[in-house]
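Participant: Please find one structure pasted underneath; my questions will follow.
The values are calculated or read from the model by the stated rules, or taken from the named source; none is laboratory data. In this text the structure is predicted, and so the values were computed from the model without any measurement. Here the Cβ positions follow ideal geometry from the backbone for every residue, glycine too, while neighbour counts run over all protein chains shown.
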């Protein structure tokens, strides 16, 4: 049980974290701050935070738990702004979708307090941004990846693990580098492809007519294209090396499919689709199995 | 009300059509045939069809309604096989996802009976193939595109419109060419991208580890990669000209996004994502609006 959560960034992720902690009775009081005063005020009105702080520094003062939930590109400036307010025994975390970059930013910003920081990435989200969509159940059954480094306090990693478990998440630990490569492949690249795909349709002179005919396949494939632009701008730039590496492999795979289409090689094309279909079907099966198990 | 549906292909689409017609009391009897005798037998056991025919020709004999629900590449051979059994006054339809190709195949195969054929494409589906997943509600609230040509009997277009409306679908009419361009953009290309993306992950030495971390974004983006290989092999080859045209536009869009990432141009990158996000959000809004209206 924590006495006070200092929440920097009262959007979807931060707000959902605050609600989940309150629901699980893991925190007594939430003091929140957002760059936009209207967001902070809205979070207070919705009961997501108890007290609206006039600055990030004041939001963390007296907190034994601090969550930084801002676009990853704003991590360094945010940590610099709050550094002198963070209590020595506090647990400090972020929720960023990239980790190597965030760890480097935290090292620079926090200096001797860097050991209190446990980098965290909850694999949860919605394509709807904003505190209005905050949801205390958002992390239930979801994975949370922690990427502590050598300097990170073991006790804080333990506390972070207990905290996320306490709101129903499954905790996985890995290095920042392994995290960034994996999420470039299964999250950042799909987002990039969905953005590029949707923009290509939007740029087509007949795009609007096409969209009128779009069905459930389009709906699911492009859902993530509606994600928050500021959040994803930062993720794609922060993790660009890994994303571009996986994008290259994707483009080569696309070329192979197109060559088979041009050649009219039905047998090889069916085999290639069957391979993709099998892998995706197996993943779904494993996931459902995960859900069924206790 | 039809007396007898001759169903060629008792898979997901054909089976769902038969169930929907029975439920709406629009047909008295369904005689079915599938290439695989075990599928035909399974369809009979499940009550999807009433009588199992030993050949496609026998399935259409005496039918006043015929539905050909086979992979589009098999359309011509199927129509040739049944041609001499089709009654003069019958309504003949397909459910293929490509239409120019199907219309040409039907012209060659049906000759003087071509005027009975109303090319149809219901915008519905599941990533689960097979008669086991047939669902009488599959077409409810979905669009069905009819692509009649000059020779098509007006009376049959009317009957087709009433029939699809009777099982809850919304009928749209357009030319085969307009259909193929639009569906290349909003359906065939997303499938191709999802296949290529999933295969690229499968080919990565760390692919399995990556997949363990995949979350809801991956789930929705890649759902269509689990689609039926024989069906999609045929669609991608049949409509390759349009699909490759839209794929080229997509690749150019992807290149622009990648250039912005490499340049670290946060402002332009955010604007590009915001455009995609806006278009996708608007589409969702319009769709929900459609649903809300009577």
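Participant: Among the candidates A:158, A:209, which residue alone is outside the structural domain of residue A:66 (by TED's automatic domain parsing) and out of contact with any strand residue (DSSP E or B) (no Cβ under 9 Å at 6 or more places or on another chain)?
Facilitator: Values: A:158 fails: outside the structural domain of residue A:66 (by TED's automatic domain parsing).
Exactly one residue qualifies, and that residue is A:209.
Participant: Inspect segment B:204-226 for any residue being crowded, with 19+ Cβ neighbours inside 10 Å and under 16 Å from residue A:255 (Cβ atoms) and give the result as yes or no.
Facilitator: The initial filter retains those residues of segment B:204-226 that are crowded, with 19+ Cβ neighbours inside 10 Å, namely B:210-211, B:213-214, B:217-218, B:221-226.
Right, trim to under 16 Å from residue A:255 (Cβ atoms) and you get none.
Within segment B:204-226, none of the residues are crowded, with 19+ Cβ neighbours inside 10 Å and under 16 Å from residue A:255 (Cβ atoms).
Participant: Moving to a separate point now. Among the residues of segment B:1-14, write down those that are part of a loop (DSSP other than H, G, I, E, B) and over 14 Å from the mean Cα position of the chain (by Cα).
Facilitator: So the first thing to find is which residues in segment B:1-14 are part of a loop (DSSP other than H, G, I, E, B), and the list is B:1, B:9-11.
The answer is B:1, B:10.
Participant: So which helices (runs of 4 or more DSSP H) stay within segment A:212-277 end to end and still have 2 or more residues that are more than 19 Å from residue B:184 (Cβ to Cβ) and within 7 Å of chain B (Cβ to nearest Cβ)?
Facilitator: Details: elements: A:216-222, A:229-238, A:240-263.
Those helices (runs of 4 or more DSSP H) span A:229-238, A:240-263.
Participant: Do any helices (runs of 4 or more DSSP H) lying entirely in segment B:139-208 carry at least 1 residues that are at pLDDT 95 or above and within 11 Å of chain A (Cβ to nearest Cβ), and which ones are they?
Facilitator: Numbers: elements: B:154-166, B:176-183, B:189-203.
In segment B:139-208, the matching helices (runs of 4 or more DSSP H) lie at B:176-183, B:189-203.
Participant: Related question: Please determine whether any residue of segment B:51-73 is over 23 Å from residue B:113 (Cβ atoms) and in the same structural domain as residue B:134 (by TED's automatic domain parsing).
Facilitator: For segment B:51-73, residues over 23 Å from residue B:113 (Cβ atoms) and in the same structural domain as residue B:134 (by TED's automatic domain parsing): present.
Participant: Does residue B:190 fit the bill of being surrounded by fewer than 24 Cβ atoms within 10 Å (Cβ to Cβ) and out of contact with any strand residue (DSSP E or B) (no Cβ under 7 Å at 6 or more places or on another chain)? It would help to see each step written out before you state the result.
Facilitator: Details: surrounded by fewer than 24 Cβ atoms within 10 Å (Cβ to Cβ): no; out of contact with any strand residue (DSSP E or B) (no Cβ under 7 Å at 6 or more places or on another chain): yes.
So residue B:190 fails the test.
Participant: For residue B:285, all conditions in the list (1) within 20 Å of residue A:197 (Cα to Cα); (2) more than 8 Å from chain A (Cβ to nearest Cβ); (3) in contact with a helix residue (DSSP H, G or I) (Cβ under 7 Å, 6 or more places away or on another chain) hold save one; what is the number of the exception?
Facilitator: (3)
Participant: What's the total number of residues in segment B:119-138 that are under 22 Å from residue B:188 (Cβ atoms) and assigned to a loop (DSSP other than H, G, I, E, B)?
Facilitator: Total satisfying the criteria: 10.
Participant: Working only within segment B:90-118, note down all residues that are over 22 Å from residue B:172 (Cβ atoms) and either part of a loop (DSSP other than H, G, I, E, B) or not assigned by TED's automatic domain parsing to the domain that holds residue B:71 (or both).
Facilitator: Within segment B:90-118, just B:90 meets the criteria.
Participant: Kindly indicate whether any position in segment A:91-100 is surrounded by fewer than 24 Cβ atoms within 10 Å (Cβ to Cβ), out of contact with any strand residue (DSSP E or B) (no Cβ under 6 Å at 6 or more places or on another chain) and either at pLDDT below 95 or at positive phi (or both).
Facilitator: The answer is no; no qualifying residue exists.
Participant: Which number in (1) under 27 Å from the mean Cα position of the chain (by Cα); (2) surrounded by fewer than 21 Cβ atoms within 10 Å (Cβ to Cβ) marks the one condition that residue A:283 misses?
Facilitator: (2)
Participant: Would you mind stating whether residue A:147 is in contact (Cβ under 8 Å) with a residue 24 or more places away in the chain and either within 30 Å of residue B:177 (Cα to Cα) or surrounded by fewer than 22 Cβ atoms within 10 Å (Cβ to Cβ) (or both)? Reasoning before the result, please.
Facilitator: Working: in contact (Cβ under 8 Å) with a residue 24 or more places away in the chain: yes; either within 30 Å of residue B:177 (Cα to Cα) or surrounded by fewer than 22 Cβ atoms within 10 Å (Cβ to Cβ) (or both): no.
No, not satisfied.
Let's see how each residue does on (1) within 20 Å of residue B:139 (Cβ to Cβ); (2) in a loop (DSSP other than H, G, I, E, B):
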{"residue": "B:16", "(1), (2)": "yes, no"}
{"residue": "B:62", "(1), (2)": "no, yes"}
{"residue": "B:66", "(1), (2)": "yes, no"}
{"residue": "B:74", "(1), (2)": "no, no"}
